[in-house]
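Contents: one structure, followed by commentary.
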Amino acid sequence: MMRSLFSGVAGLRTHQTRMDVIGNNIANVNTVAYKSSTVTFQDMLYQTTQNATGANAQTGRAGINAKQIGLGVSTGSISTNISTSGSAQSTGSPFDIRITGDSFFVVSDGSNQYYTRAGAFNVDANGTLCMATNGYTVQGYGTTTDATTGELVIDTSNLRSLDIMSDQNLTSPPVATTNTYVTGILDENSDALSTTAGQVVSVPFIDNLGYSYTAQFRVEKQNGATGEPNGQYKMTMTDLLDSDGKSILKYGVTGAPGGATGTAGEEMSANDKITTLKAANIFNFGATATGNEAFLTFDTFMTPSGTKPTGKLMQVAAAAATANVADPVKTNTINGKNVTGLGLNLDGMRMFATGFAGMTDDATHDNAVSIDLSTIQNIDNKGQSTVNGKRGQLTSDAGAGCRVGEMSSISIGQDGKITASYTNGQTKLLGQIASASFANASGLEKHGDNLYAQTLNSGEAVINDITANGGSMTTGELEMSNVDLSGEFTDMITTQRGFQANSRIITVSDTMLEELINLKR
C-alpha cells in the first residue's frame, strides 16, 4: 500500500512539471520566435514479485508471466518544437528580419557566440547591427575589393560584427564623370555660327573630388579658308566654369588658345578650387595640334559642289596650314553613318585628349571623359541651333559621375546582403548577415533572451550563407511564437485531470491505511 502512495506522489510531480511547461508556453504566446516545449512521460522502475517461467514439457505445465508492480511515473523528456515555424508578423521596420528554413542568426556578447531566430534588430550608437533586446551584435561578413573587377564583394574569411552605419558608410564618395554627350540640331543657317563667339555648346561634368564644372565650346562653320576645310565645323574649347558659373579660364589674353607661344590663360586666384591650372593643361591635343580645336564633319551636310566632304567625322587640326584629314579618330558606324566622340581626360581638374591617332597622350592622366557627338543633327531648323551637352550616355546614366551622397536607406536582400543607397544615386554593398545550421537543432540549449547555445548533442554550428540551406531572409517582418493555444489548453485540461487522479491515489491509499489502523480499537 505504501507503493501506491509513492506512485501518487510521482504522478503529482510529473504532472506539475508538465503544467509548468504548459504555463511557460502560454506565457510566451506573443514572444518573438519562441519555440514551444512538450513533455513526455515514462513509467518508473518496477518491483518484481515473481519472475517469469517457461513451459515445461515433462510436467505439462505452461509458462508463467512475471509479476511486477510499477513504482509510478517520471519525466521522460522536455523537447523543443524547434522545426515548427511561427507565423509572420509585418512590422515595417527595415531592421526586423524573419528567417526561414532551419537556420539561425549568429549573435555575440563579445565573448560567447549564441544563436537566435528572433530577428528584432536595430543599430547602436556605433552603427553596429545588434539585437534590440540585449544589444548582442549580429555576426556576418564584411566586404573586400575584388582584385580583378575592382568591385566590392563579400569577404567570407572572417566572421565579424556588422558596422553598417559607421562614419565611413554614411556617405558615398564622389565619382568623376567619364561619359558625356552633345545632342540636338546644329543648323548651318544659325546666326550664332557667323559671329565671333560662334555656337556655344556647354558640357557639364564632375571631377574626382565631387566638384561640378561646365566646359564651354565654340562651334564655327568653316568656309574654305586656309586650314578650314569646306563642309566642316571647327569646335574649340573656350572656357571652364565652376559650380557658381565663375570662369576658371580666360582665353584670348595673347596668342592662340592653348598655343605654344604667348600666355594661354590666367593664373587662378586663391579663392578658386584649384590654384595651379592654366589653359594649356585643360584641353591638350598634343604637340602636333594647333590648340584646343577639332574639326567636325556631318555626313548629311553637302559642300557647295554638291558632294560630301572627305575624311572622317572628326579630324584634329594639324600644325601645318592644312587639315590633318588622314588621321581617323575612334570612328564607329551607327545606322550606316560614321560617328565618333571627342575624348577628354580628367585627373583632378586636368583634361587631356586620348585616343587620337598621331597624337601624344599623357600616360599619367588616364581618367578619360568622352564627349559623344554622334546624335547631333545637321538639318534645317529655321536658323535655330539646339545643341547642348549632358552627363552620362545617350541611353543611360552610365559614366555620368556624381557628387558626395548621404545615406538615404538600407536594404537587406533575401540572401542577407546589406546594401546602402545614397542621395547621389550610388549604392554600396556593406556586408552580409551570416546564418548557422546544426545537425540536431533540437539539441540546442535555451539561454533566455530568445538565445540558444551549442551543446554536444546539437553538433557543431555550420556558418554559411542562408541560401546554402534553402532558406531566406525577409525584412519588415518577424517570426512569431509557434505556441498553439488550443493544444496548450487541451493539454492543460488533461494535465489537471491527471494531477487530480494522482491526488486521489494518495487520499484513497490514506483511507485504506486508516481502515487498516482501525482494525484494532
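The values are calculated or read from the model by the stated rules, or taken from the named source; none is laboratory data. On a predicted model such as this, the values are computed, not experimentally measured, just so you know. Positions of Cβ are backbone-derived with ideal geometry, glycine not excepted, and every protein chain shown enters the neighbour counts.
What to note about this one:
- Candidate set from the stretch 490-521 (those that are touching a residue at least 60 places away in the same chain (Cβ under 8 Å) and under 60 Å from the mean Cα position of the chain (by Cα)); member that is surrounded by the fewest Cβ atoms within 10 Å (Cβ to Cβ): Q496
- Condition check for Q68: assigned to a strand (DSSP E or B), in contact with a Gly (Cβ under 9 Å, 6 or more places away or on another chain), at pLDDT below 95 and not β-branched (V, I, T): no
Yes or no, residue by residue, for (1) basic (K, R); (2) part of a helix (DSSP H, G or I); (3) buried (at least 17 other Cβ atoms within 10 Å of the Cβ):
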residue	(1), (2), (3)
Q414	no, no, no
A420	no, no, yes
Q432	no, no, yes
A436	no, no, yes
A439	no, no, no
S442	no, yes, no
T455	no, no, no
N482	no, no, yes
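- Residues of the stretch 163-210 classified as surrounded by 16 or more Cβ atoms within 10 Å (Cβ to Cβ), at pLDDT 85 or above and part of a helix (DSSP H, G or I), total: 2
- Highlighted here are the strands (runs of 3 or more DSSP E) found entirely within the stretch 75-157 that include at least 1 residues which are under 17 Å from A420 (Cα atoms): 97-99, 121-123, 129-131, 137-145.
- Residue list for the stretch 78-119, filter: aliphatic (A, V, I, L, M) and either within 23 Å of G23 (Cβ to Cβ) or out of contact with any Phe, Trp or Tyr (no Cβ under 9 Å at 6 or more places or on another chain) (or both): I78, I82, A88, A118
- Every residue from the stretch 46-65 that is surrounded by fewer than 11 Cβ atoms within 10 Å (Cβ to Cβ) and outside any strand (DSSP E or B): N51, G54, A55, A57, Q58, T59, G60, A62, G63, N65
- Of all residues in the stretch 111-125, at least one satisfies being surrounded by 20 or more Cβ atoms within 10 Å (Cβ to Cβ) and free of Cβ contacts under 8 Å to residues at least 60 places away in the same chain.
- Out of T375, T354, T386, T395, one residue alone is at pLDDT below 50 and of a type in the set (V, I, T). It is T354.
- Scan of the stretch 7-45 for residues that are of a type in the set (A, V, I, L, M), part of a loop (DSSP other than H, G, I, E, B) and in contact (Cβ under 8 Å) with a residue 60 or more places away in the chain, ordered by number: V29, V32, A33
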